[in-house]
Structures are given as structure tokens and as C-alpha cells.
Amino acid sequence: MDDGQLLQSAGRGDLAAFRSLFDRYAPAMLRFTRRMIGDGAEVEDVVQEIMERLWTRAPLFDPARGKPRPWIYRLAGRVIANWRAARAVRQGRGQVSLQAVGEEAVPASGVGPEEVALHLDEVARVTAGLGRLPEDCREVLVLRHLEGLGIPEMAEILDCPEGTVKSRIFYALKKLRDVLTKEKVHGTDPAM
């Protein structure tokens, strides 16, 4: 079954269909959540909430209104936004770090240790820069460059026209470049 069929079956209470959806999407939701809120103890709780919400909201999925993958990411984005709001109330406004470095950040084998170290320093620098961006900028960059989503899928997830998505990506990249340039000029490069 494709994702749409699984989602519709889960919406009718088919637990086996939901298990299949869980197996397909839980790893992606874990990566997405980790990249959006950081690599803390709360990540698994937020992913669990996303998957619970997927189970309870599955009956609301309408294939005529969109594809399942963007619908699931939009649902995840709402859960993450709610989690952030609740955390802000509990702790006050603090900066959220972004832990986008994972095993996929290490270059392929055959690369020497110096190259690996330089690559990881650059990844750490960009990751720190992403963590300093406003949430809307970080979200479009994570969806596009870390989750590998296309513009049409992002437009569905973000509920805006494709041109707006392209514009947001452009401005988010500009802001990231500004942050990284400012860090180098002021000597606050976290990779140094």
C-alpha cells in the first residue's frame, strides 16, 4: 500500500496500517524534530506526540486536498510549534539550538582525518549558524537541505505558494550567510 492508502486505512482504525506508517515515518520525524528543536531528551517525547497525533488525526486526511507526506510534515510542524510554545511558557524565551550533525555529516570513507576534521568543523559552524536563525528561516532550510524535500512538497507543508517558498529559502540562506560572515569577522566562530 502507498502512504495515502495506509493513512486512510489507519484513519479507519487499522492498527497494522498505522504500524506501517510508523515504521516509514518515525525515523524521518526523529530527524526532523532533532533538527528543529535540538538534540535533547525531549526529542523522543515530541516524536511520540507526533505519532500519537498522526494516529488520532488520520481520519482527517483527505487525499483530494494533498499528498500524505506534506500532510504528515505539516502535522509534525504543528506539534513542534506547540511544544516550543509550551516550553517558552515553562522556561521563558531561550534560544533553541539546532543539532543537525548526524552520522550523515561525516564524509565518505577514503577521506583523510584532516579532511574529516575540517568537514566536521564546517558542519558544526553551519549548524551553530542555523541555530541562531529565526524559526521560519531554520524550518525552510531544514526541510529543503536536510530533509531533501522539493519546492512543491514544501509549499504544501508550509501552506503557501511555491514562489513564497523559493523566496523564503533565498532569504533564509542570505540570513545564514550573514550570521556565518558576522561570526568570522567578529571572531566568534564556534568551530575555532
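The values are calculated or read from the model by the stated rules, or taken from the named source; none is laboratory data. Everything numeric in this text was worked out from a predicted model, so none of it was measured. Cβ atoms come from the backbone with ideal geometry, glycine included; neighbour counts cover every protein chain shown.
Structure data summary
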| read-out | value |
| --- | --- |
| Selection count where residues are farther than 16 Å from Arg31 by Cα and part of a helix (DSSP H, G or I), scope segment 124-156 | 15 |
| Selection count, segment 28-59, where residues are more than 19 Å from Met1 (Cβ to Cβ) and either outside any loop (DSSP other than H, G, I, E, B) or among the hydrophobic types (A, V, I, L, M, F, W, C) (or both) | 22 |
| Qualifying residue in segment 50-57 (condition: more than 21 Å from the chain's Cα centre (by Cα) and of a type outside the set (A, V, I, L, M)) | yes |
| Matching residues, segment 53-69, being charged (D, E, K, R) and either closer than 13 Å to Gly13 by Cα or at pLDDT below 90 (or both) | Arg57, Arg65 |
| Odd one out for Pro63 among (1) part of a helix (DSSP H, G or I); (2) farther than 30 Å from Ala128 by Cα | (1) |
| From the options Arg65, Arg31, Arg53, residue that is in contact with a Gly (Cβ under 9 Å, 6 or more places away or on another chain), assigned by TED's automatic domain parsing to the domain that holds Arg84 and within 28 Å of Arg138 (Cβ to Cβ) | Arg31 |
| Odd one out for Thr127 among (1) at pLDDT below 80; (2) loosely packed, with under 13 Cβ neighbours inside 10 Å | (2) |
| Any hit, segment 87-103, residues being modelled with pLDDT of 95 or more and either outside any helix (DSSP H, G or I) or surrounded by 19 or more Cβ atoms within 10 Å (Cβ to Cβ) (or both) | no |
